[in-house]
Amino acid sequence: MAELLRGAPVAAALDEKTQLLVSELSDTGVVPCLAILRAGERPDDLAYENAAAKRCARLGIGVLKEALPQTVTTAELLEKVRELNDNSAVHGILLMRPLPRGVDEKLVCAAISPQKDVDGVTGASLAGVFADSGQGFPPCTARSCIEMLDYYNIETRGKKAAVIGRSLVIGRPVAAMLLSRDATVAVCHSKTADVPAVTRQADIVVAALGKAESVGAEFFSPGQTVLDVGMSWSEEKNRLCGDVAFEEAEKTVAAVTPVPGGVGTVTTAVLALQVAEACKKQVKR
């Protein structure tokens, strides 16, 4: 049976780093602060907001919640983003997405100050990820994948990696980050011919396509490490499940992340760390 790569110890290790940074900043009279900007009351947004706020509060990071109605306009959201950009007490901005229908999401994301973009939604942040320049911050979930590999000492240099999914939230940035760590990366998507043939050749597989249990036994081979980024509610099983058919993968691969309890557990820890890192950079500047 495969080794379970649980997210809780990874998150705990990241929290230790965050606490050290927060302590250093507090010694200079600065308290890192995250602004969470939400439009509407989607249950998944509220759940993530609450989880992020609880972790930040526990680590000594201030939280400013900005909740706008579902009927908010693009102009109103842009004005709120400008207010947060100009607020020197705010060091990171988390925009809950997707935004309500009718709002220009690309425009709102682009309006966030790159220095305060702690979830990698701006073009400047993504450019930093793709160029490996160290500028800006990657999307939290993409960095969570890398933090999982680091914590469990899974080698990437010279290894083959297959990423299923090409979104700017996970697929493309995590592929770029794996490339920066000297992996040879294949990015699979809806137009890829015979995805299982590609993934079976990989040492590391990242499943990030957003379709419940759609990655089955035919995608895997012995010795692989599998990171399951998906999270969906299965009506049939009456529980949360990932993109990977876990029971099938577990019989074949060397290591796999569970859902829940895997990559998703690390995401808010990465967010908190990136808020503290953003604060430190702003104080130095």
Query raised in the report: Taking segment 129-156 only, how many residues are without any contact (Cβ under 8 Å) to a residue 60 or more places away in the chain, out of contact with any strand residue (DSSP E or B) (no Cβ under 9 Å at 6 or more places or on another chain) and of a type in the set (S, T, N, Q)?
Result: 3
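Filter segment 141-191 down to residues that are among the polar types (S, T, N, Q) and in a loop (DSSP other than H, G, I, E, B) and give me whichever is surrounded by the most Cβ atoms within 10 Å (Cβ to Cβ).
First, the residues of segment 141-191 that are among the polar types (S, T, N, Q): 141, 144, 153, 156, 167, 180, 184, 190.
Narrowing the set further to residues that are in a loop (DSSP other than H, G, I, E, B) leaves 153, 156, 167, 190.
Values: ASN153: 6, THR156: 22, SER167: 17, SER190: 8.
So, considering only residues that are among the polar types (S, T, N, Q) and in a loop (DSSP other than H, G, I, E, B), the one surrounded by the most Cβ atoms within 10 Å (Cβ to Cβ) is THR156.
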Query raised in the report: Taking segment 36-66 as the search range and keeping residues that are in contact (Cβ under 8 Å) with a residue 60 or more places away in the chain and of a type in the set (A, V, I, L, M), which one is farthest from LEU271 (Cα to Cα)?
Result: ALA39
Query raised in the report: Quick check: anything in segment 10-21 more than 17 Å from ILE146 (Cβ to Cβ), in contact (Cβ under 8 Å) with a residue 24 or more places away in the chain, surrounded by 22 or more Cβ atoms within 10 Å (Cβ to Cβ) and not hydroxyl-bearing (Ser, Thr, Tyr)?
Result: no
**Report entry** Pairs where the first residue, in segment 190-217, is among the hydroxyl-bearing types (Ser, Thr, Tyr) and the second is in a loop (DSSP other than H, G, I, E, B), C-beta under 9 Å, 6+ apart
**Finding:** SER190/ARG166; SER190/LEU209; THR199/PHE220; THR199/SER221; THR199/GLN224; SER214/GLY230; SER214/ASP243; SER214/ALA245
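Select, from ARG285, ARG239, the only residue that is at pLDDT below 95, touching a helix residue (DSSP H, G or I) at 6+ places or on another chain (Cβ under 8 Å) and surrounded by fewer than 18 Cβ atoms within 10 Å (Cβ to Cβ). Please lay out each step first, then the result.
Numbers: ARG239 fails: touching a helix residue (DSSP H, G or I) at 6+ places or on another chain (Cβ under 8 Å).
Every option except ARG285 fails the conditions.
Provide a single number: the residues in segment 67-101 that are more than 28 Å from VAL22 (Cβ to Cβ), in contact (Cβ under 8 Å) with a residue 24 or more places away in the chain and assigned to a loop (DSSP other than H, G, I, E, B).
Of segment 67-101, the ones more than 28 Å from VAL22 (Cβ to Cβ) are 68-79, 98-101.
The next check asks that each one be in contact (Cβ under 8 Å) with a residue 24 or more places away in the chain; those that pass are 68-74, 77-78, 99-100.
Those left that are additionally assigned to a loop (DSSP other than H, G, I, E, B): 69-73, 99-100.
Here the count works out to 7.
The values are calculated or read from the model by the stated rules, or taken from the named source; none is laboratory data. This structure is a prediction, so every number in the text was calculated from the model and none was measured. So basically every Cβ, Gly included, is an ideal-geometry build from the backbone, and we count neighbours across all protein chains shown.
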